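The values are calculated or read from the model by the stated rules, or taken from the named source; none is laboratory data. Small disclaimer: the values here were computed from a predicted structure and weren't measured. Cβ coordinates were reconstructed from backbone atoms using ideal geometry, including for glycine residues, and neighbour counts include every protein chain displayed.
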Amino acid sequence: MTGLGMVLLFLLTLGTRNSAFYERNFALLVSINVAAAVGLGLVILWLAVRLFVRLKRGKFGSRLLVKLAAIIGLVGILPGLLIYTVSYQFVARSIESWFDVRVESALAAGLNLGRTTLDTLAADAANKTRVAADSLARQNNSGAVLALDRVREQLGATDVVLFSAAGQPLGSAGSSRFDIAPERPSAATLRNVRSNRVLAQIEGLEDADAGDLQSALAANHARVKVLALVNPPSFSFDAEPRFLQVVVPLPSPLIIDALAVQAANREYQERALAREGLRSMYIGTLTLALCLAVFGAVLLAVLLGNQLIRPLIVLAEGMREVAAGNLTPKAALPSRDELAGLTRTFAHMTQDLADAREAVQHSMTQVDAARENLQTILDNLTAGVVVFDEQGRLVSANPGAARILHAPLNVHLGEPITEVPGLEALASGVLQQFERFLAEDTPHEGGYWLQSFELSADNQTSFDQTITLIARGALLPHNERLLVFDDVTEVVSAQRAKAWGEVARRLAHEIKNPLTPIQLSAERLAMKLEGKLQPTEQALLQKSVRTIGDQVEAMKRLVNEFRDYARLPAAQLTPLDLNAAVRDTLGLYDHAAVPVRCELADDLPLVKADAQQLRQLIHNLVQNAQDAMAGLAGAEVLLRTRRSDSGQWVRLVVIDSGPGFAENILKRAFEPYVTTKAKGTGLGLAVVKKIMDEHGGRVDVANRMTDGRVIGAQVSLSFAVAN
């Protein structure tokens, strides 16, 4: 407030002595002060609204603050209004006395006198220049140029230039002598001189004023420039007219006086025209000063009153915040009076409460962190974890459960688990297991149940093949059920393959040994009885011996197949061209009863495979396809290669148009001795599966469907791309 007051006082005192500074900075200073006044007004308005709200709500200390603010505000406002009234009358009557009619007439007369003097000097310079031009008319160009210095001295000029009829400089004397290209008169000026013989004009006073008078004189801008016509002699027919330009400086005292009168008259006229504006500016300044003083007094009144009751208000607000549960650090006043000491004591008490609550929140944060860690672990488990309530409604499920069950479980949260599409059978079995578990008489706290489930691949589920789950159930607090399960299909398949390998090895060992004695005994019996029996009995004997031999050979082939399955050598993986391997192997089927056709993709990358086992794979699959289509007209086997969308795998697909796989066979296609062929052993796809496992690849079997009807089968082998 002191700074704003000093600015206003400086503005008022300087305005009567320096009008230029006043006019240049008045708008900026007034704008700053108006902004300050508006800011103070808004602050006061905000304080008034806040005080009114406090008073309306009955807050502690509000009535006392209103009284103190009113008393201190009146002390500042009443003297200010008195000073403003007196100052307003003084300014309104003083400005009118600044302007007088006699002063205006004197300034106008001085201005006319200066103009007349300047016109006289210009006319005198024009007459002298015309005389000099007549004296040069009888001389040629060379003589006229030599006479220019004499003309300059006679006329007291600073510069003399002789121009040709086209305006080209012929010679010069004075300041333009060293100019390479002196200023040339325009064509219009030359035409005017031809008509009037002489042209005089005053230059350098148009832009000059009292502020830059000395600079104008130093640059020699205030001057009379005369351009006169130099007529050629009357007896010369080919001579052209010339032009004489003379520059004569104006007297310095005359210029100073003329400019001073002109500046004084212009300033007087501006002030006379702005008389009402000047009165408004002074009155506005006084009004602004009053507003600032009043606003400052009111604001000071509120601030002083607030200082008196501040300890009580701080204490009351702190108690209200603590009652609302806000234990943030409270304000404590530094003064040594009793009320300030009470605020400090209250702040210490609040800090102790805040520390106790922070300890509790820290414990809760640790619990939340542990919960987040547990959730992170659940989200990254490969096993499925599902929680549902005692009514069977799904509460939560981790991503592993959705992946294993091929169902978006998070979409069905809050719904009964038995209503999740495709999981009805699994849900019913799990609920039954929990019912049995809860119905046991023995205590089961901390206990669990363990059960395996098989989810079949059918039209109602989204599984590609039958999967086997190992599920474990337990109780959670609040009567919730926890179900943890994992997909052990691959483990079960591997165990079955291992078991069948052991069975094959034992069968090969136990069956192969007696086959040779049986065959030899039958042949020896036929030799011993040769010619000793009747023809009928002899024929029966030979038929029986052939039957025994055929069955023994069939048993040997079966044993050899089991032996090969059990003793399949480890794959030696090397980079191979899958298309080349397919072409080499299919060369053996050129004249087969069921033809084989290829659709091989171009630019396939090399795959990691064992060449010998790869040929065995292709032979097994092609023979199975041909056996499935035996006797069908127009049947053919199609082999197709292509690269996966990810680019990491190369697939070989064998397609036939036979009857396809039976539903029960499709679920157990890779188990040994599972077949629909009358003479098959069921080891073909089992060997294929075992070889692909050795290759780190994948084998998939499926029926080809159209309009709900099976039109054939296909087997897809996926090989990893060689790096």
**OP:** Among the numbered conditions (1) under 17 Å from residue 697 (Cβ atoms); (2) without any contact (Cβ under 8 Å) to a residue 40 or more places away in the chain, tell me where residue 573 comes up short.
**Re:** (2)
**OP:** List the number of the failed condition for residue 664; all other conditions in (1) modelled with pLDDT under 80; (2) closer than 30 Å to residue 550 by Cβ; (3) surrounded by fewer than 19 Cβ atoms within 10 Å (Cβ to Cβ) hold.
**Re:** (2)
Subject >> Hey, residue 315 modelled with pLDDT of 75 or more and touching a Leu at 6+ places or on another chain (Cβ under 8 Å) or not >> reply: yes
Original post:
Taking segment 322-375 as the search range and keeping residues that are over 22 Å from residue 306 (Cβ atoms) and among the basic types (Lys, Arg), which one is surrounded by the most Cβ atoms within 10 Å (Cβ to Cβ)?
Top reply: 357
**OP:** Report whether or not residue 451 is in contact with a helix residue (DSSP H, G or I) (Cβ under 6 Å, 6 or more places away or on another chain) and either in a strand (DSSP E or B) or assigned by TED's automatic domain parsing to the domain that holds residue 474 (or both).
**Re:** yes
Original post:
Taking the stated definitions as given, is residue 632 aliphatic (A, V, I, L, M) and closer than 18 Å to residue 651 by Cβ?
Top reply: no
Subject >> Top-ranked residue of segment 568-587 - restricted to ones that are assigned to a loop (DSSP other than H, G, I, E, B) and at pLDDT below 90, ranked as surrounded by the fewest Cβ atoms within 10 Å (Cβ to Cβ) >> reply: 570
**OP:** Starting from segment 395-413, take each residue that is farther than 15 Å from residue 455 by Cβ and list its partners that are modelled with pLDDT of 85 or more and of a type in the set (Ser, Thr, Tyr), counting only C-beta distances under 9 angstrom and pairs at least six apart or across chains.
**Re:** 410/396; 413/396
Subject >> Unique residue being over 30 Å from residue 318 (Cβ atoms), of a type outside the set (D, E, K, R) and over 34 Å from the mean Cα position of the chain (by Cα) when the list is 402, 359, 427 >> reply: 427
Subject >> Only one of 331, 359, 340, 369 that is outside any loop (DSSP other than H, G, I, E, B), of a type in the set (Gly, Ala, Ser) and at pLDDT below 80 >> reply: 340
**OP:** Could you tell me whether segment 145-155 includes any residue that is in contact with a helix residue (DSSP H, G or I) (Cβ under 8 Å, 6 or more places away or on another chain), touching a residue at least 60 places away in the same chain (Cβ under 8 Å) and either within 19 Å of residue 240 (Cβ to Cβ) or exposed (fewer than 15 other Cβ atoms within 10 Å of the Cβ) (or both)?
**Re:** no
Original post:
Only one residue in 621, 617 is in contact (Cβ under 8 Å) with a residue 12 or more places away in the chain, assigned to a helix (DSSP H, G or I), buried (at least 19 other Cβ atoms within 10 Å of the Cβ) and in contact with a strand residue (DSSP E or B) (Cβ under 6 Å, 6 or more places away or on another chain), so which one is that?
Top reply: 621
Original post:
In the set 57, 63, which member is within 48 Å of the chain's Cα centre (by Cα), in the same structural domain as residue 311 (by TED's automatic domain parsing) and of a type outside the set (S, T, N, Q)?
Top reply: 57
